[in-house]
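Here, each number is a calculation from the coordinates, and none is a lab measurement. The structure displayed is predicted, hence computed values, not measured ones. Don't worry about glycine lacking a Cβ; one is built from the backbone with ideal geometry, like all the others, and counts go over all protein chains shown.
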Amino acid sequence: MGSTGSGRISDYPGSSPAAKPGGQGGGIGPSVEDRCARAFNARLEDVELSDYYRAHANLPPKGTRVELVKRKRLVVQTTDGEGIGNLPTSFNFLASCMNEGWTYIGTVQQVRSGPPVASISVDFAATPPQ
C-alpha cells in the first residue's frame, strides 16, 4: 500500500503554526515565536539528488553561504539559487515562521563526500520579520 498526502509541508506533524514543542499547548514550553528566533544546525537530506550536486558532480565547499526557501519541502540553496539539500522534516515548523516573515541564512559547516552517502551540515541564524 502507498501513502497518501499532498506532498506538501503541511502533511508532516509539527508543521502547523499552533504546534508547540512536545505537543504542549496553553503556554507550556516555548512559544512558536521563540522557536522561530532560534539559531540551529541541521544535517541535510537528499544531498546527492540536489541541483548543485547534479550540476557540479560535487558538494559545495565549507563556508558556502546558503538560505532556506520553501518549495514542496524546505530546501537549502546557495545564494545563486542552486539547491544543495532538504531540511529534515523535523524542522517543518519553520515553514510557519517563514510565512510570518522570518528568514534563515546560514553557512555550510561540514561537507563529507561519503561513502556511504554524501552529507552536508549547515548552521542557520534567524532574521525576524521587518
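For the stretch 90-130, list residues with backbone N below 19 Å from a point placed 7 Å from the Cα of HIS56 toward its Cβ?
Residues passing the 19 Å test: 105-115, 117-124.
Provide the gained length on full extension for the span ARG112 to ARG71, in nm with one decimal, where the gain is 0.36 nm per separating residue minus the Cα-Cα distance.
That works out to 12.3 nm of additional length.
Got a sec to turn the phi values of the stretch 122-130 into Karplus ³J(HN,Hα) couplings, 6.51 cos²θ - 1.76 cosθ + 1.60 with θ = phi - 60°, whole Hz, x for Gly and Pro?
Here the 3J(HN,Hα) series is 10, 9, 10, 10, 9, 10, x, x, 10 Hz.
In nm, give the distance between the simple-model label positions of ASN99 and ALA125, each being 7 Å from the Cα along the Cα-to-Cβ direction.
Distance between the two pseudo-spin positions: 2.8 nm.
Bins of 10 Å, beginning at zero and ending with the bin holding the largest distance: percent of Cα pairs per bin for the stretch 43-130, please.
Spelled out per bin, shortest first, that is 18, 54, 24, 4, 0.
What residues have an amide H closer than 5 Å to that of ALA126, excluding those fewer than 5 places away on the same chain, when H is modeled at 1.01 Å from N in the peptide plane?
When sequence neighbours closer than 5 places are left aside, the close amide H contacts are ALA39.
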